Amino acid sequence: MKPRAPRFRTELGVYLGGTLVCCALTWWFLQLWRADLGVPFAYGIRDELVIGVAIKSVLENPWIFSNQYLGMPFGSEYFNVPQPDIFVYLIIKLLGLTTHRFGLVMNLFYLLSYPAAFICTLYVLRQFKTGYPAALLGSFLYTFLPYHFMRGEEHLFLGAYYFVPLVALLMFRVTSDNPPLLKEGERKWPRPAWPGRRSIGMVVICLVVGSSGVYYAFFACFLMMMAGIAVAAAQRRLAPLVSALLLTGLIAVTIFLCILPHLIYRHGNPTVRASGDAETYALKISQLLLPVSGHRLGSLAQLKNSYYWNSPLVNENDAATLGLIGSLGFLALLAWAALRMMGASFDQLNRDDRRVLSLAALLSLAATLLATIGGFGSLFSLLISSQIRSYNRISVYIAFFAILAVVLLIDRIIGARVVGQSSKLFYGGGMALLTALGLYDQTSDSYVPEYRKLTTAFRSDAEFIRKIESKVPPRAMIFQLPYLTFPEAAEYDLARGYLHSRQLRWSYGAMINERSDLWTRATQMLPAREMVQKLAEAGFAGIYVDRRLYPDGGAGLEGQLSSVLGAPPIASVQSQLSFFSLEGYKARLAR
């Protein structure tokens, strides 16, 4: 035991020191000294608002299937939308034990995803017996991918890709001489290898992946099966294929259990997507290799800008860029695959390293062929299911394989030849410099949120909602205009009311085509006088208008409502929101 103690202390020191550096870099890249952590780092009209609704709903309600403050007058249930993010919601529920401020929980979840990605990546790279300098290089590059920043809080759950390296490790273990959950018996027939600490850990990884959203789980199953089939066919062994089937089945069963309430209680499916979306949101190899948008070097920023404005189908797939070092790793894997097919032996590397690089090359090619425009993902969307559409999100898997290739080659070609204290210091300094250059290339000032603008808008809305709460009874119902569908909408601006209120109940947030949604849709089409009377009779206490969503800034509607109610509205500080109280009208109606 004594020889292990110094090594354990060294390992612990590297993990703790690296995590502290990771936190410091996160603080620096995001300029957190300027931030108010209670204000979300993203606060617009798009997906970050529905993310905020989901977080606040989990904090205020028993679970994710209903919300007592949305979808008035009849309430709202969310069984129609499958939500396989159970593990994510559990983390949010735990964070909610310290605070019920949705913005703070949202920011904490996002910020914690950086050290989580660093720790998991460092652990996995060390499993390939890479030295600390190269492993730290790969861990920092993978943690601070452009994908991480560009997803941000608009796609908060996608930014939590910390488990992807662990899933990739399972793929490599599937192709090893001792595949997960199995051991090979006589005549190469596999037998179960359970229980065991290693098996339990792999099962836990599968459970986390299957309960953290459908995209990464779907890609994990695809790549796992590719690895199992390829090695089983090449080596004529059943164990890799059986192991891949077991792990993939475990992930699939976990997803099924997570969406089981949706399958049992749904009344319809509001998220039907067109098969052509798989082309629109596909991966583009050019975007993997081109520099990040808003690059710190003007010439590279201009190059990416030219591509951005002159190329079709540029959308969220812009976040797929690998950075310079990741791009070199991806190209190295392509070259490795080509040379191996032509008979190159690479005897300078040992058998295990050659196997790792070959599998990384195979999986990178498989991922690219699945996700690229017109690839197998398009056929899957057309023939099987169009619910998976954003195939560009597989780029985090490609990025890991590419960075793994860089780390392994550097460690074996350079690191293995370093001897002597001075050489080690020189090598470590070189790795630190390469890390700094890689992070400089992968990050951009454009990743820094506009904190002042966000804080101003957030506080203006919060103050306006407090004004509304002071003018209506507790738990009053508020009717919101204009009518917007929920979910899967182009914008979620009406969610601001709920995000800032403590007790009010809102008409927005009713599941599309459910009872409250149909009632709201019909009511908002009535003439102003009839609409006001119907709302008063239904018990609504006021009308909330988002002026930004009207071509005339809501002037026509507000004029009609003022005429009916005999009073002008109150407006927010930024004059973007207005509110009409129905309390006086209801009193007159009662008399």
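The values are calculated or read from the model by the stated rules, or taken from the named source; none is laboratory data. Just so it is clear, the structure is predicted and the values come from calculations on it, not from any experiment. Here Cβ is always computed from backbone atoms with ideal geometry, including for glycine, and neighbour counts include all displayed protein chains. For the accessible areas, the whole protein counts, side chains as well, though only heavy atoms, and no ligand, DNA or RNA atoms are used. Shrake-Rupley method; radii C 1.70, N 1.55, O 1.52, S 1.80 Å.
For the reader, a short list of remarks on this structure follows.
- Selection of segment 6-22 for residues being at pLDDT 90 or above and open to solvent by 60 Å² or more (accessible area, probe 1.4 Å) yields Leu12, Leu16, Leu20, Val21.
- Scan of segment 444-470 for residues that are under 24 Å from Leu549 (Cα atoms), in a helix (DSSP H, G or I) and open to solvent by 40 Å² or more (accessible area, probe 1.4 Å), ordered by number: Arg452, Lys453, Thr456, Arg459, Glu463, Arg466, Lys467, Glu469
- Residue within segment 17-26 that is under 19 Å from the mean Cα position of the chain (by Cα) and assigned to a helix (DSSP H, G or I) present: yes
- Checking each residue in segment 312-328 for being closer than 18 Å to Asn392 by Cα, buried (at least 19 other Cβ atoms within 10 Å of the Cβ) and not small (Gly, Ala, Ser) picks out Asn317, Asp318, Thr321, Leu322.
- Selected residue (only one of Ser395, Ser385, Ser345 is open to solvent by 40 Å² or more (accessible area, probe 1.4 Å) and not hydrophobic (A, V, I, L, M, F, W, C)): Ser345
- Failed criterion for Val314 (all others in (1) touching a strand residue (DSSP E or B) at 6+ places or on another chain (Cβ under 7 Å); (2) more than 23 Å from Gly138 (Cα to Cα) hold): (1)
- Among the residues of segment 91-131, those that are open to solvent by 20 Å² or more (accessible area, probe 1.4 Å), under 16 Å from Ile51 (Cβ atoms) and in contact (Cβ under 8 Å) with a residue 12 or more places away in the chain comprise Ile91, Lys93, Leu95, Arg101, Leu104, Leu108, Leu111.
- Here is the figure for segment 386-428: residues that are closer than 29 Å to Tyr161 by Cα and of a type outside the set (Val, Ile, Thr) total 21.
- Every condition in (1) under 24 Å from the mean Cα position of the chain (by Cα); (2) open to solvent by 60 Å² or more (accessible area, probe 1.4 Å) is met by Leu238 except one, and the failing one is (1).
- For Leu494, the conditions (1) open to solvent by 20 Å² or more (accessible area, probe 1.4 Å); (2) farther than 18 Å from Lys586 by Cα; (3) not β-branched (Val, Ile, Thr) are fulfilled apart from (1).
- Some residue of segment 413-424 being basic (Lys, Arg) and surrounded by 20 or more Cβ atoms within 10 Å (Cβ to Cβ): no
- Selection status of Ser293, in a loop (DSSP other than H, G, I, E, B), under 17 Å from Tyr440 (Cα atoms), of a type outside the set (D, E, K, R) and touching a residue at least 60 places away in the same chain (Cβ under 8 Å): yes
- Complete set of residues in segment 515-527 that are farther than 12 Å from Leu481 by Cα and part of a helix (DSSP H, G or I): Arg515, Ser516, Asp517, Leu518, Trp519, Ala522
- Candidate set: segment 415-443, residues that are hydroxyl-bearing (Ser, Thr, Tyr) and assigned to a helix (DSSP H, G or I); chosen: the one farthest from the chain's Cα centre (by Cα): Ser422
For every residue, the table says whether it meets (1) closer than 27 Å to Phe218 by Cα; (2) not in a helix (DSSP H, G or I).
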site: Leu49; (1), (2): yes, no
site: Lys56; (1), (2): no, no
site: Trp63; (1), (2): yes, yes
site: Gly71; (1), (2): no, yes
site: Asn80; (1), (2): yes, yes
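- Residues satisfying the criterion are absent from segment 120-135 (criterion: at pLDDT 95 or above, within 29 Å of Val58 (Cα to Cα) and among the aromatic types (Phe, Trp, Tyr)).
- Matching option when the condition is assigned to a helix (DSSP H, G or I), farther than 25 Å from Thr485 by Cβ and touching a residue at least 12 places away in the same chain (Cβ under 8 Å), among Ser575, Ser562: Ser562
- Applying the set (1) in contact (Cβ under 8 Å) with a residue 60 or more places away in the chain; (2) open to solvent by 40 Å² or more (accessible area, probe 1.4 Å) to Met525 leaves exactly one unmet item: (1).
- Unique residue being outside any strand (DSSP E or B) and either touching a Phe, Trp or Tyr at 6+ places or on another chain (Cβ under 8 Å) or open to solvent by 60 Å² or more (accessible area, probe 1.4 Å) (or both) when the list is Tyr508, Tyr585, Tyr544: Tyr508
- Residues that are aliphatic (A, V, I, L, M) and open to solvent by 30 Å² or more (accessible area, probe 1.4 Å) were ranked within segment 280-311; the one that is farthest from Tyr142 (Cα to Cα) is Leu303.
- Looking at Ala360, Ala367, just one residue is open to solvent by less than 20 Å² (accessible area, probe 1.4 Å), modelled with pLDDT of 95 or more and under 24 Å from Gly415 (Cα atoms), and that residue is Ala360.
- Sole residue being over 21 Å from Leu408 (Cβ atoms), modelled with pLDDT of 90 or more, open to solvent by 10 Å² or more (accessible area, probe 1.4 Å) and among the acidic types (Asp, Glu), chosen from Glu186, Glu154: Glu154
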